[in-house]
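Data first, discussion second: the structure below is written as C-alpha coordinates.
The values are calculated or read from the model by the stated rules, or taken from the named source; none is laboratory data. Keep in mind it's a predicted model, so treat the numbers as computed, not measured. Don't worry about glycine lacking a Cβ; one is built from the backbone with ideal geometry, like all the others, and counts go over all protein chains shown. Just the protein is used for accessible areas: all its heavy atoms, side chains included, with ligands, DNA and RNA removed. Shrake-Rupley method; radii C 1.70, N 1.55, O 1.52, S 1.80 Å.
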Amino acid sequence: MSLTELWIILGCAVVTLLSRVLPFVFVKQLQMPEWLLSFLTFVPITIMTALTCQGLFIAHPGHLATVNWENLWAAIPATLAGILTKSLLAVVVVGIAAMACLRYFSI
Amino acid sequence: MDASLTFRSGIKDVLPTVFGYIGVGLAFGIVAHTSHLGLWMVAGLSFIVYAGSAQFIITSMLLAQDPITSIILSTFLVNSRMILMSTSLAQYFRHESLTRNILLGALVTDETFALAMNKQNQTAGKLSFAWQSAANLIAYLVWGVATLVGAYLGGLIKNPEQFGFDFALTAMFIGLVYLQLISDRKLGVRLQLLVMAFVALIYYFALGVISENMALLVATAAGCLFGMEMKKCR
(Lines give C-alpha, C1' and ligand atoms only; values in the text may rest on other atoms or scores of the structure.)
Protein backbone atom coordinates (compact mmCIF):
# COMPACT_ATOMS: atom_id res chain seq x y z
CA MET A 1 0.00 0.00 0.00
CA SER A 2 1.38 3.37 -1.01
CA LEU A 3 1.45 6.49 1.19
CA THR A 4 -1.25 8.09 -0.99
CA GLU A 5 -3.51 5.09 -0.41
CA LEU A 6 -2.88 5.30 3.34
CA TRP A 7 -3.91 8.97 3.44
CA ILE A 8 -7.02 8.24 1.41
CA ILE A 9 -8.05 5.49 3.81
CA LEU A 10 -7.46 7.70 6.84
CA GLY A 11 -9.18 10.78 5.38
CA CYS A 12 -12.20 8.90 4.06
CA ALA A 13 -12.49 6.93 7.31
CA VAL A 14 -12.55 10.14 9.38
CA VAL A 15 -15.26 11.91 7.33
CA THR A 16 -17.39 8.76 7.19
CA LEU A 17 -17.03 8.05 10.91
CA LEU A 18 -17.91 11.65 11.83
CA SER A 19 -21.06 11.54 9.63
CA ARG A 20 -22.13 8.39 11.45
CA VAL A 21 -21.13 9.14 15.04
CA LEU A 22 -21.62 12.90 15.57
CA PRO A 23 -25.42 12.71 15.16
CA PHE A 24 -25.53 10.07 17.93
CA VAL A 25 -23.52 12.37 20.21
CA PHE A 26 -25.72 15.42 19.48
CA VAL A 27 -29.02 13.56 19.80
CA LYS A 28 -27.87 12.12 23.12
CA GLN A 29 -26.89 15.54 24.54
CA LEU A 30 -29.50 17.91 23.07
CA GLN A 31 -33.28 18.12 22.97
CA MET A 32 -34.41 18.07 19.34
CA PRO A 33 -36.97 20.68 18.23
CA GLU A 34 -40.44 19.40 17.30
CA TRP A 35 -40.14 20.20 13.55
CA LEU A 36 -36.90 18.21 13.29
CA LEU A 37 -38.49 15.18 14.96
CA SER A 38 -41.41 15.44 12.54
CA PHE A 39 -38.96 15.72 9.61
CA LEU A 40 -37.09 12.63 10.82
CA THR A 41 -40.22 10.45 10.99
CA PHE A 42 -40.20 10.56 7.19
CA VAL A 43 -36.51 9.67 6.76
CA PRO A 44 -37.02 5.86 6.75
CA ILE A 45 -39.66 5.73 4.01
CA THR A 46 -38.05 8.45 1.87
CA ILE A 47 -34.51 7.10 2.02
CA MET A 48 -35.61 3.52 1.35
CA THR A 49 -37.71 4.71 -1.61
CA ALA A 50 -34.80 6.72 -3.01
CA LEU A 51 -32.40 3.76 -2.60
CA THR A 52 -34.90 1.50 -4.39
CA CYS A 53 -35.23 4.05 -7.21
CA GLN A 54 -31.45 4.04 -7.54
CA GLY A 55 -31.74 0.43 -8.69
CA LEU A 56 -34.63 1.11 -11.07
CA PHE A 57 -33.36 4.13 -13.01
CA ILE A 58 -30.27 4.62 -15.15
CA ALA A 59 -28.70 8.10 -15.03
CA HIS A 60 -27.64 9.89 -18.21
CA PRO A 61 -25.97 13.14 -17.03
CA GLY A 62 -27.51 16.12 -18.81
CA HIS A 63 -30.49 14.06 -20.04
CA LEU A 64 -33.56 12.54 -18.42
CA ALA A 65 -32.97 9.22 -16.69
CA THR A 66 -34.26 6.01 -18.29
CA VAL A 67 -35.85 2.96 -16.69
CA ASN A 68 -33.64 -0.04 -15.93
CA TRP A 69 -36.06 -2.53 -17.54
CA GLU A 70 -34.14 -5.63 -16.54
CA ASN A 71 -34.28 -4.62 -12.86
CA LEU A 72 -37.90 -3.53 -13.16
CA TRP A 73 -38.96 -6.92 -14.57
CA ALA A 74 -37.13 -8.76 -11.80
CA ALA A 75 -38.67 -6.36 -9.27
CA ILE A 76 -42.19 -7.59 -10.08
CA PRO A 77 -41.82 -11.19 -8.79
CA ALA A 78 -39.70 -9.86 -5.90
CA THR A 79 -42.46 -7.46 -4.85
CA LEU A 80 -45.11 -10.19 -5.21
CA ALA A 81 -43.00 -12.43 -2.96
CA GLY A 82 -43.01 -9.62 -0.38
CA ILE A 83 -46.77 -9.17 -0.54
CA LEU A 84 -47.38 -12.93 -0.23
CA THR A 85 -44.83 -13.79 2.45
CA LYS A 86 -43.95 -10.51 4.23
CA SER A 87 -40.45 -12.02 4.43
CA LEU A 88 -37.33 -10.06 3.48
CA LEU A 89 -35.45 -13.29 2.73
CA ALA A 90 -38.15 -14.40 0.26
CA VAL A 91 -37.98 -11.06 -1.58
CA VAL A 92 -34.19 -11.28 -1.95
CA VAL A 93 -34.11 -14.95 -3.00
CA VAL A 94 -36.98 -14.58 -5.51
CA GLY A 95 -35.39 -11.39 -6.86
CA ILE A 96 -32.00 -13.05 -7.45
CA ALA A 97 -33.65 -16.13 -9.00
CA ALA A 98 -35.80 -13.96 -11.28
CA MET A 99 -32.75 -12.01 -12.44
CA ALA A 100 -30.79 -15.21 -13.07
CA CYS A 101 -33.73 -16.54 -15.16
CA LEU A 102 -34.01 -13.29 -17.14
CA ARG A 103 -30.31 -13.47 -17.98
CA TYR A 104 -30.28 -17.22 -18.65
CA PHE A 105 -33.09 -16.96 -21.20
CA SER A 106 -31.68 -13.57 -22.36
CA ILE A 107 -35.07 -11.92 -22.04
CA MET B 1 -39.22 -10.74 12.37
CA ASP B 2 -40.70 -10.79 15.89
CA ALA B 3 -40.56 -8.43 18.88
CA SER B 4 -37.48 -10.01 20.53
CA LEU B 5 -34.55 -7.58 20.93
CA THR B 6 -31.76 -9.94 22.04
CA PHE B 7 -28.32 -10.27 20.40
CA ARG B 8 -29.41 -13.65 19.02
CA SER B 9 -32.54 -12.25 17.36
CA GLY B 10 -30.39 -9.47 15.91
CA ILE B 11 -28.30 -12.12 14.17
CA LYS B 12 -31.45 -13.85 12.90
CA ASP B 13 -33.01 -10.61 11.63
CA VAL B 14 -29.92 -9.43 9.75
CA LEU B 15 -29.47 -12.71 7.82
CA PRO B 16 -31.72 -11.82 4.83
CA THR B 17 -29.69 -8.67 4.18
CA VAL B 18 -26.48 -10.72 4.13
CA PHE B 19 -27.23 -11.72 0.51
CA GLY B 20 -27.10 -8.08 -0.48
CA TYR B 21 -23.75 -7.62 1.26
CA ILE B 22 -22.30 -10.76 -0.31
CA GLY B 23 -23.50 -9.81 -3.80
CA VAL B 24 -22.26 -6.24 -3.71
CA GLY B 25 -19.18 -7.12 -1.63
CA LEU B 26 -18.03 -9.70 -4.19
CA ALA B 27 -18.71 -7.17 -6.95
CA PHE B 28 -16.64 -4.55 -5.17
CA GLY B 29 -13.77 -6.99 -4.66
CA ILE B 30 -13.81 -7.89 -8.35
CA VAL B 31 -13.87 -4.23 -9.41
CA ALA B 32 -11.03 -3.46 -7.00
CA HIS B 33 -9.04 -6.37 -8.41
CA THR B 34 -9.49 -5.22 -11.99
CA SER B 35 -8.55 -1.68 -10.87
CA HIS B 36 -5.25 -3.10 -9.53
CA LEU B 37 -5.92 -2.40 -5.86
CA GLY B 38 -3.96 -4.64 -3.51
CA LEU B 39 -5.64 -6.87 -0.91
CA TRP B 40 -4.47 -4.54 1.89
CA MET B 41 -6.11 -1.57 0.19
CA VAL B 42 -9.36 -3.52 -0.20
CA ALA B 43 -9.19 -4.54 3.46
CA GLY B 44 -8.48 -0.94 4.49
CA LEU B 45 -11.42 0.39 2.49
CA SER B 46 -13.84 -2.26 3.76
CA PHE B 47 -12.80 -2.54 7.40
CA ILE B 48 -11.60 1.01 8.16
CA VAL B 49 -13.61 3.28 5.82
CA TYR B 50 -16.59 0.84 5.59
CA ALA B 51 -18.62 2.91 3.17
CA GLY B 52 -20.42 0.64 0.67
CA SER B 53 -21.15 2.58 -2.49
CA ALA B 54 -18.51 5.22 -1.65
CA GLN B 55 -15.85 2.50 -1.94
CA PHE B 56 -16.69 2.08 -5.64
CA ILE B 57 -16.29 5.83 -6.10
CA ILE B 58 -12.99 5.94 -4.20
CA THR B 59 -11.72 3.08 -6.40
CA SER B 60 -12.62 4.78 -9.67
CA MET B 61 -11.19 8.12 -8.49
CA LEU B 62 -7.95 6.36 -7.47
CA LEU B 63 -7.76 4.82 -10.92
CA ALA B 64 -8.29 8.28 -12.48
CA GLN B 65 -5.52 9.62 -10.18
CA ASP B 66 -7.77 12.34 -8.73
CA PRO B 67 -6.30 14.43 -5.88
CA ILE B 68 -6.66 13.09 -2.33
CA THR B 69 -8.74 16.08 -1.19
CA SER B 70 -11.39 15.59 -3.89
CA ILE B 71 -11.58 11.86 -3.11
CA ILE B 72 -12.20 12.66 0.55
CA LEU B 73 -14.77 15.36 -0.31
CA SER B 74 -16.65 12.98 -2.62
CA THR B 75 -16.69 10.34 0.10
CA PHE B 76 -18.17 12.86 2.52
CA LEU B 77 -20.87 13.92 0.04
CA VAL B 78 -21.82 10.34 -0.86
CA ASN B 79 -22.02 9.44 2.83
CA SER B 80 -23.75 12.60 4.00
CA ARG B 81 -27.05 10.69 4.03
CA MET B 82 -25.51 8.91 7.04
CA ILE B 83 -26.11 12.14 8.97
CA LEU B 84 -29.85 11.83 8.32
CA MET B 85 -29.99 8.14 9.14
CA SER B 86 -27.86 8.42 12.27
CA THR B 87 -29.92 11.35 13.58
CA SER B 88 -33.05 9.26 13.01
CA LEU B 89 -31.68 6.08 14.56
CA ALA B 90 -30.07 7.82 17.53
CA GLN B 91 -33.55 8.80 18.85
CA TYR B 92 -33.99 5.17 19.95
CA PHE B 93 -30.78 5.06 21.99
CA ARG B 94 -30.84 8.30 23.98
CA HIS B 95 -31.14 6.35 27.25
CA GLU B 96 -27.95 4.40 26.51
CA SER B 97 -24.49 5.65 27.56
CA LEU B 98 -22.43 7.92 25.29
CA THR B 99 -19.91 5.11 24.69
CA ARG B 100 -22.66 2.75 23.52
CA ASN B 101 -24.08 5.48 21.27
CA ILE B 102 -20.67 5.99 19.67
CA LEU B 103 -20.20 2.24 19.19
CA LEU B 104 -23.61 1.90 17.52
CA GLY B 105 -23.11 4.99 15.37
CA ALA B 106 -19.73 3.84 14.09
CA LEU B 107 -21.26 0.93 12.12
CA VAL B 108 -24.57 2.36 10.83
CA THR B 109 -25.30 1.50 7.19
CA ASP B 110 -28.26 1.97 4.81
CA GLU B 111 -29.23 -1.64 5.42
CA THR B 112 -28.89 -1.85 9.20
CA PHE B 113 -30.73 1.48 9.48
CA ALA B 114 -33.60 0.22 7.31
CA LEU B 115 -33.68 -3.06 9.23
CA ALA B 116 -33.86 -1.21 12.56
CA MET B 117 -36.74 0.93 11.30
CA ASN B 118 -38.59 -2.25 10.27
CA LYS B 119 -37.83 -3.79 13.65
CA GLN B 120 -39.14 -0.93 15.74
CA ASN B 121 -42.47 -1.27 13.94
CA GLN B 122 -42.72 -4.72 15.57
CA THR B 123 -41.62 -3.64 19.04
CA ALA B 124 -43.80 -0.57 19.69
CA GLY B 125 -40.93 1.80 18.90
CA LYS B 126 -38.18 0.12 20.92
CA LEU B 127 -34.68 -0.97 19.91
CA SER B 128 -31.88 -2.41 22.05
CA PHE B 129 -28.09 -2.08 22.13
CA ALA B 130 -27.71 -5.87 21.91
CA TRP B 131 -30.00 -6.26 18.89
CA GLN B 132 -28.50 -3.32 16.97
CA SER B 133 -24.92 -4.41 17.75
CA ALA B 134 -25.62 -7.90 16.42
CA ALA B 135 -27.05 -6.51 13.17
CA ASN B 136 -24.17 -4.02 12.83
CA LEU B 137 -21.39 -6.53 13.52
CA ILE B 138 -22.72 -9.25 11.20
CA ALA B 139 -23.16 -6.68 8.40
CA TYR B 140 -19.64 -5.33 8.98
CA LEU B 141 -17.95 -8.73 8.97
CA VAL B 142 -19.88 -10.14 6.01
CA TRP B 143 -19.16 -7.02 3.96
CA GLY B 144 -15.43 -7.07 4.73
CA VAL B 145 -15.00 -10.78 4.08
CA ALA B 146 -17.09 -10.70 0.88
CA THR B 147 -15.01 -7.86 -0.60
CA LEU B 148 -11.76 -9.70 0.23
CA VAL B 149 -13.05 -12.94 -1.30
CA GLY B 150 -14.12 -10.97 -4.38
CA ALA B 151 -10.70 -9.34 -4.67
CA TYR B 152 -8.96 -12.70 -4.19
CA LEU B 153 -11.12 -14.55 -6.72
CA GLY B 154 -11.37 -11.50 -8.98
CA GLY B 155 -9.46 -13.07 -11.83
CA LEU B 156 -11.36 -16.38 -11.72
CA ILE B 157 -14.99 -15.30 -12.04
CA LYS B 158 -15.46 -14.16 -15.60
CA ASN B 159 -19.10 -13.12 -15.57
CA PRO B 160 -20.51 -12.82 -12.03
CA GLU B 161 -23.66 -11.12 -13.30
CA GLN B 162 -25.13 -14.26 -14.82
CA PHE B 163 -26.09 -15.50 -11.34
CA GLY B 164 -28.23 -12.44 -10.72
CA PHE B 165 -26.41 -11.48 -7.49
CA ASP B 166 -26.06 -7.86 -8.56
CA PHE B 167 -29.85 -7.58 -8.18
CA ALA B 168 -29.68 -8.65 -4.50
CA LEU B 169 -29.19 -5.06 -3.33
CA THR B 170 -32.19 -3.67 -5.22
CA ALA B 171 -34.32 -6.67 -4.18
CA MET B 172 -33.34 -6.09 -0.57
CA PHE B 173 -34.43 -2.45 -0.68
CA ILE B 174 -37.70 -3.43 -2.36
CA GLY B 175 -38.34 -5.81 0.55
CA LEU B 176 -37.32 -3.27 3.18
CA VAL B 177 -39.41 -0.44 1.72
CA TYR B 178 -42.45 -2.71 1.35
CA LEU B 179 -42.21 -3.92 4.96
CA GLN B 180 -41.79 -0.31 6.10
CA LEU B 181 -44.87 0.71 4.10
CA ILE B 182 -47.19 -1.91 5.57
CA SER B 183 -45.97 -1.74 9.17
CA ASP B 184 -45.40 1.94 10.00
CA ARG B 185 -48.66 2.66 11.83
CA LYS B 186 -47.66 6.20 12.80
CA LEU B 187 -47.74 7.46 9.22
CA GLY B 188 -50.17 5.02 7.61
CA VAL B 189 -50.13 3.41 4.16
CA ARG B 190 -51.85 6.20 2.22
CA LEU B 191 -49.56 9.03 3.36
CA GLN B 192 -46.47 6.86 2.82
CA LEU B 193 -47.55 5.90 -0.71
CA LEU B 194 -48.01 9.56 -1.53
CA VAL B 195 -44.55 10.39 -0.16
CA MET B 196 -43.00 7.45 -2.05
CA ALA B 197 -44.50 8.64 -5.35
CA PHE B 198 -43.20 12.15 -4.66
CA VAL B 199 -39.68 10.89 -3.84
CA ALA B 200 -39.58 8.74 -7.00
CA LEU B 201 -40.67 11.70 -9.12
CA ILE B 202 -38.10 14.09 -7.60
CA TYR B 203 -35.36 11.45 -7.86
CA TYR B 204 -36.18 10.81 -11.53
CA PHE B 205 -36.02 14.49 -12.52
CA ALA B 206 -33.04 15.30 -10.26
CA LEU B 207 -31.09 12.48 -11.92
CA GLY B 208 -31.07 14.47 -15.15
CA VAL B 209 -29.18 17.39 -13.64
CA ILE B 210 -27.17 16.16 -10.63
CA SER B 211 -25.23 13.02 -9.68
CA GLU B 212 -26.96 9.88 -8.38
CA ASN B 213 -25.85 10.47 -4.83
CA MET B 214 -26.92 14.10 -4.80
CA ALA B 215 -30.27 13.12 -6.32
CA LEU B 216 -30.64 10.60 -3.48
CA LEU B 217 -30.11 13.34 -0.89
CA VAL B 218 -32.33 15.92 -2.60
CA ALA B 219 -35.18 13.43 -3.10
CA THR B 220 -34.94 12.26 0.52
CA ALA B 221 -34.96 15.77 2.00
CA ALA B 222 -37.72 16.98 -0.36
CA GLY B 223 -39.76 13.88 0.47
CA CYS B 224 -39.50 14.56 4.21
CA LEU B 225 -40.63 18.19 3.78
CA PHE B 226 -43.48 17.09 1.49
CA GLY B 227 -44.54 14.48 4.06
CA MET B 228 -44.56 17.07 6.86
CA GLU B 229 -46.83 19.37 4.83
CA MET B 230 -49.18 16.52 3.84
CA LYS B 231 -49.47 15.43 7.46
CA LYS B 232 -50.49 18.97 8.45
CA CYS B 233 -53.19 18.98 5.76
CA ARG B 234 -54.86 15.84 7.06
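From the list A:L22, A:L51, exactly one residue is open to solvent by less than 30 Å² (accessible area, probe 1.4 Å) and in contact with a Ser or Thr (Cβ under 9 Å, 6 or more places away or on another chain). Which is it? Reasoning before the result, please.
Details: A:L22 fails: open to solvent by less than 30 Å² (accessible area, probe 1.4 Å).
Only one candidate passes the filter, namely A:L51.
Restrict the check to the stretch B:205-217 and report whether at least one residue is at the interface with chain A (Cβ under 7 Å from one of its Cβ atoms) and among the hydroxyl-bearing types (S, T, Y).
No - not one qualifying residue is present in the stretch B:205-217.
Output the residues belonging to the stretch A:37-61 that are modelled with pLDDT under 90 and more than 7 Å from every other protein chain (Cβ to nearest Cβ).
Those that are modelled with pLDDT under 90 and more than 7 Å from every other protein chain (Cβ to nearest Cβ): A:L37, A:P61.
A quick yes/no check of all residues on (1) out of contact with any helix residue (DSSP H, G or I) (no Cβ under 8 Å at 6 or more places or on another chain); (2) in contact (Cβ under 8 Å) with a residue 24 or more places away in the chain:
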position: B:S53; (1), (2): no, yes
position: B:F56; (1), (2): no, yes
position: B:Q65; (1), (2): yes, no
position: B:S74; (1), (2): no, no
position: B:L84; (1), (2): no, yes
position: B:L89; (1), (2): no, yes
position: B:H95; (1), (2): yes, no
position: B:I102; (1), (2): no, no
position: B:D110; (1), (2): no, yes
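Please identify the pairs in which a residue from the stretch A:1-22 that is over 16 Å from B:L73 (Cα atoms) has its Cβ atom under 6 Å from the Cβ atom of a residue that is in a helix (DSSP H, G or I), counting only partners at least 6 apart or on another chain.
Cβ pairs passing all conditions: A:M1/B:W40; A:M1/B:M41; A:V21/B:I102; A:V21/B:G105; A:V21/B:A106.
Among the residues of the stretch A:12-32, is there at least one that is facing chain B (nearest Cβ under 7 Å), among the basic types (K, R) and in contact with a Leu (Cβ under 9 Å, 6 or more places away or on another chain)?
Looking for residues that are facing chain B (nearest Cβ under 7 Å), among the basic types (K, R) and in contact with a Leu (Cβ under 9 Å, 6 or more places away or on another chain), one finds at least one in the stretch A:12-32, hence yes.
Looking at the stretch B:24-53, which of the residues that are at the interface with chain A (Cβ under 9 Å from one of its Cβ atoms) and either among the aliphatic types (A, V, I, L, M) or outside any helix (DSSP H, G or I) (or both) is nearest to B:N136 (Cα to Cα)?
B:Y50
In the stretch B:54-72, which residue that is out of contact with any Ser or Thr (no Cβ under 8 Å at 6 or more places or on another chain), open to solvent by 30 Å² or more (accessible area, probe 1.4 Å) and assigned to a helix (DSSP H, G or I) is nearest to the other protein chains (Cβ to nearest Cβ)?
Residue satisfying both the conditions and the ranking: B:I72.
Scan the helices (runs of 4 or more DSSP H) fully inside the stretch B:127-206 and keep the ones with 3 or more residues being open to solvent by less than 10 Å² (accessible area, probe 1.4 Å) and not assigned by TED's automatic domain parsing to the domain that holds B:L103. Full working, then the answer.
On the way: elements: B:129-153, B:168-183, B:189-206.
Correct list: B:189-206.
Please enumerate the residues belonging to the stretch B:207-223 that are small (G, A, S) and surrounded by fewer than 22 Cβ atoms within 10 Å (Cβ to Cβ). Even if it seems obvious, please write down each step before you answer.
Initial filter on the stretch B:207-223 (small (G, A, S)): B:208, B:211, B:215, B:219, B:221-223.
Answer for the stretch B:207-223, where residues must be small (G, A, S) and surrounded by fewer than 22 Cβ atoms within 10 Å (Cβ to Cβ): B:G208, B:S211, B:A221, B:A222.
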